[in-house]
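Taking it in order: structure first as structure tokens, then the write-up.
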Amino acid sequence: MYPSALAEGMRPKKPSRGLIRDPPKRVSLEEARAQLARSLSMLMTDTQVQAWTRLQCEVAVEQPNIHRDQLINSFADLDTVLFNDTLAGRVKVIWKDMIILEDRMIGAQCHPAAISRHGVTKCKIWLNHIILNMDDGADVWGTLIHEMLHAYLDLHTGLFGMFRSHHGDAFRQSCAKIAERLNLPGVGWENMSA
Ligand SMILES: [Zn+2]
């Protein structure tokens, strides 16, 4: 009776996004940054515009009202707008309090969660509740984006940025391109590169 619906129903299902994914092609750190810069300079797709529109509402929430679930829930939209969904299924964001490194409490960290012989295949971003005490909401968002950039670089190079060789002028330049792409009020590269 409804041949088109039947045909639709009989199509083999595509695997759900983010479930089965090969690791991204491994490139040098410089090339990973260059690829990111190229993708950030391209026109947004409709899906990216929709994600960006949702982010506008999330980022408009002022401190001290940013909720921890907001960051987890917005991760996918940030990934869509900034990293072309390359973190989906490969990066998990969790709240984990009391991260201590050399007796210091730190706000956030990106760790490898799975490593194959080709290098890092999955990452975990730990967020410490102390970031919710930041006065400026842009710093809260910037902290998450900073770690997402580490994850992007880890996954594309296969190398864990353990020694944070990611940081420096080139990292700041990537943050500037991200801020330009985001184009959200008050969120600048300074909020991401601290
Ligand atoms: Zn860092």
When the charge dipole of segment 90-159 is computed with +1 at the Cβ of Lys and Arg and -1 at the Cβ of Asp and Glu, the Cα pointing farthest to the positive end, of I115, T143, I125, is that of I115
Relative packing of peptides 170-177, 153-160, 36-43 - highest average C-beta neighbours within 10 Å first:
153-160, 170-177, 36-43
Within the chain, what percent of beta bridges assigned by DSSP are antiparallel, to the nearest 5?
65 percent
Can you list which of the trypsin sites (Lys or Arg not before Pro) found in segment 66-149 are DSSP loop residues with at most 15 other C-beta atoms within 10 Å?
K96, R117
Return the Cα extents of segment 34-123 along principal axes one, two and three, sorted largest first, each rounded to a whole Å.
44, 42, 21
Based only on Cα atoms, what Rg/Rh ratio does the chain have, Rh being taken as Kirkwood's radius?
1.01
Note on segment 79-158: alpha-carbon gyration tensor, axes a ≥ b ≥ c; rule is a/c under 1.5 for rounded, else prolate if a/b larger than b/c, else oblate; result oblate
Alpha carbons only, please: Rg and Dmax for segment 137-193, in angstrom.
11.2, 33
With a point put 7 Å past each Cα toward its Cβ, work out how far A88 is from H111 in nm, to one decimal.
2.7 nm
Explain nothing, just the number: dipole magnitude of the chain about its Cα centre with +1 on each Lys and Arg Cβ and -1 on each Asp and Glu Cβ, in debye rounded to the nearest 20.
1020 debye
Nearest-ten-degree value, helix 46-59 long axis tilted from longest Cα axis of the chain
40 degrees
Quick one: how many lysine pairs in the chain have C-alpha atoms under 28 angstrom apart, if they're 8 or more apart or on different chains?
18
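Read-outs throughout are calculated quantities, based only on the coordinates presented, and are distinct from any laboratory measurement. These figures come from a predicted structure and were not determined experimentally. In this analysis, Cβ positions are derived from the backbone assuming ideal geometry, glycine residues included, and neighbour counts consider all displayed protein chains.
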